[in-house]
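To keep things clear, I will list the structure first and then write my remarks on it.
The values are calculated or read from the model by the stated rules, or taken from the named source; none is laboratory data. Everything numeric in this text was worked out from a predicted model, so none of it was measured. Positions of Cβ are backbone-derived with ideal geometry, glycine not excepted, and every protein chain shown enters the neighbour counts.
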Amino acid sequence: MSATTTLKRSDRLTPSTSLTSCRARHSVRGRVSPEHTKRVKKLTGLIERALQDAVRLPRGSPRVMTQAMRYCVLSGGKRFRPLLCLGACKAVGGRVRQALPVVCSIELMHAYSLVHDDLPAMDNADERRGQPSCHRKFGEATAILVGDALLTRAFEVLSFDHVPNVLAILRLLGAAGGTAGLIGGQTLDLAQNVVPLTVRYLEGIARRKTAVLITASVVAGGLAGRASAQELQCLRQYGERVGLAFQLVDDLHDDDGLARAMSREAVRERAIRLIAQANQAVAPFGARAGTLHELADWLGSSAG
């Protein structure tokens, strides 16, 4: 089977340092170089410009949809998933710009999941990133349509340029957003009031709602960079570990989820261990994996 066919929410993480000023602690990797920090800033600029283009909707689109979609996509965020995607593309020797449509697709999917997650029937959240959530600002019915439109647009933007391995990327992202991924995780999340909240159950939610899309972001970047099957396997291992670690760190900051089911120290130690394993997984790429190492180190620094 070819490399293109063998492959396979959390947004409240607020570490004391940003992605462009991270300092790794514990036994992750050590201090992040200024050169890597500059590269992350440059990549973030590319991402923001690409997202601006992605939410320029076709003529005839209702004004409220344009306003609401731009509000949800361009209102800030760490751009962690897009950076992982570009970092993976670089790690396999691909050109960053050929992965930008993939980056936009991933971030639009992520935005859709947040809009729907905040709805009254779901988490009933009044705020997102310090601002009124979409349904609070534009109304519940509009927010439902905005989520639908963001998800639809996510797949549309992949057709704008000649993205390598685009069909494999479509399958990958479709699966990540489906019943074994985001939707499945949200289903389990909604059932929390009627089932025992074991560590295994909560980890199942974390893997589906958070880790699956993070893993897909990394693997999709590799596909856009024309990675080999062996390279894709390394990227998948990295993504799975960073994805679960991301949720563990988020739970530590919120004092919720797995941080309550386990001891805080156990969660912290597991997150650090996963991040170290992620760095080991992409070590064969050498210096080309610098961005992936920096992102993992930033996550490790936020667990301290």
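Select from region 97-148 the residues that are at pLDDT below 95 and assigned to a helix (DSSP H, G or I) and list them in ascending order.
Arg97, Gln98 - these are the residues of region 97-148 that are at pLDDT below 95 and assigned to a helix (DSSP H, G or I).
If only one of Val267, Val242 is within 21 Å of Ala176 (Cα to Cα) and either surrounded by 21 or more Cβ atoms within 10 Å (Cβ to Cβ) or not hydrophobic (A, V, I, L, M, F, W, C) (or both), which one is it?
Val242
So, of the residues in region 217-261 that are in a helix (DSSP H, G or I) and of a type in the set (Lys, Arg), which turns out to be farthest from Val102 (Cα to Cα)?
Out of the qualifying residues, it is Arg260.
Can you tell me which residues in region 109-145 are within 19 Å of Glu48 (Cα to Cα), of a type in the set (Phe, Trp, Tyr) and surrounded by fewer than 24 Cβ atoms within 10 Å (Cβ to Cβ)?
none
Is it the case that some residue within region 181-195 is assigned to a loop (DSSP other than H, G, I, E, B), at pLDDT 95 or above and surrounded by 13 or more Cβ atoms within 10 Å (Cβ to Cβ)?
Yes: one or more hits.
Of all residues in region 196-239, count the ones that are aromatic (Phe, Trp, Tyr) and crowded, with 18+ Cβ neighbours inside 10 Å.
Residues that pass the stated criteria total 1.
Looking at Ser133, is it closer than 22 Å to Gly76 by Cα, touching a strand residue (DSSP E or B) at 6+ places or on another chain (Cβ under 8 Å) and of a type in the set (S, T, N, Q)?
yes
How many residues, within region 74-122, are more than 29 Å from Ser133 (Cβ to Cβ) and either of a type outside the set (A, V, I, L, M) or in contact with a Ser or Thr (Cβ under 9 Å, 6 or more places away or on another chain) (or both)?
Total meeting the criteria: 11.
What's the total number of residues in region 157-175 that are surrounded by 15 or more Cβ atoms within 10 Å (Cβ to Cβ) and either more than 19 Å from the chain's Cα centre (by Cα) or β-branched (Val, Ile, Thr) (or both)?
Within region 157-175, residues that are surrounded by 15 or more Cβ atoms within 10 Å (Cβ to Cβ) and either more than 19 Å from the chain's Cα centre (by Cα) or β-branched (Val, Ile, Thr) (or both) number 6.
When you scan region 60-75, do you find a residue that is part of a loop (DSSP other than H, G, I, E, B), modelled with pLDDT under 95 and under 18 Å from the mean Cα position of the chain (by Cα), even just one?
yes
Sort out which residues of region 280-290 are in contact with a Phe, Trp or Tyr (Cβ under 8 Å, 6 or more places away or on another chain) and either assigned to a helix (DSSP H, G or I) or hydroxyl-bearing (Ser, Thr, Tyr) (or both), and write them in order of number.
Matches in region 280-290: Ala281 only.
Can you pull out the residues in region 74-108 that are over 24 Å from Ala278 (Cα atoms), aliphatic (A, V, I, L, M) and surrounded by fewer than 24 Cβ atoms within 10 Å (Cβ to Cβ)?
Within region 74-108, just Leu74 meets the criteria.
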